[in-house]
Amino acid sequence: MSKSSTAYDCTLVYFDKHHSEKGNISVAQNMKDIPFEVKRVYYLYDVPGGESRGGHAHYELKQLIIAASGSFDVMIDDGNVKRTFTLNRPYQGLLISPGLWRELNNFSSGSVCLVLASMEYDEADYIRNYEEFIAYKK
C-alpha cells in the first residue's frame, strides 16, 4: 500500500475558520476533517535558523502537519518526484500518506509545527536512511 504512494497523494486540508473580534478559532475533527483517528499529537518549536526536521519516511503512519504559528516548508519525495509545500496558515494542514520521505525546513522565527499522527510512536515504522527508502520504493 504505502510503497505505491506518490508525492501527488499529499493534499492540503482546510479547517473551518470562525472569526471573532476576540480572536479566531479553527476546528479539526477525527474522521471528518482528519481522515484518520489521531493517536498521537506532537509539535516542533524553537527550531534554530537553517535547521531541518524530518528527514525520514514511514511505512504505515499517516500525518497531518499544520503551521500553528509562523511558516515553514515541507518537502515530500516519493523517490521520483519532489514537491514542496509552504505551510503558513493555522487553518490549513498537509496530509502526508505513508511511504513518502519528508523534510521540514525554512522555519520562520517563532514558528510552531503541529503534527497529528495516525499511530503511537513506533521506531520500527521509520525509514531513516534515504538509500534504504529508495530501495524500499523500487
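The values are calculated or read from the model by the stated rules, or taken from the named source; none is laboratory data. What you are looking at is a predicted structure, and each value in this text was computed from that prediction instead of being measured. Reconstructed Cβ throughout: ideal geometry from the backbone, glycine too, with neighbour counts over all protein chains shown.
Overview of values
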quantity	calculated
Residue satisfying all of: in segment 30-82; touching a helix residue (DSSP H, G or I) at 6+ places or on another chain (Cβ under 6 Å) and in a loop (DSSP other than H, G, I, E, B); surrounded by the fewest Cβ atoms within 10 Å (Cβ to Cβ) among these	VAL81
Scope segment 83-138; condition outside any strand (DSSP E or B), within 11 Å of the chain's Cα centre (by Cα) and of a type in the set (A, V, I, L, M); matching residues	LEU100
Near pairs, Cβ below 9 angstrom, 6+ apart or cross-chain, from segment 21-35 (under 13 Å from LEU116 (Cβ atoms) and free of Cβ contacts under 8 Å to residues at least 24 places away in the same chain) to any residue that is assigned to a strand (DSSP E or B) and β-branched (Val, Ile, Thr)	ASP33/VAL13; ASP33/VAL27
Conditions (1) on the phi < 0 side of the Ramachandran plot; (2) of a type outside the set (D, E, K, R); (3) modelled with pLDDT of 95 or more; number of the one not met by ILE25	(3)
Number of positions in segment 14-29 that are surrounded by fewer than 16 Cβ atoms within 10 Å (Cβ to Cβ), of a type outside the set (Lys, Arg) and not in a loop (DSSP other than H, G, I, E, B)	5
Output for segment 29-52, where each listed residue is farther than 29 Å from GLY79 by Cα and either within 15 Å of the chain's Cα centre (by Cα) or at pLDDT 95 or above (or both)	ASP46
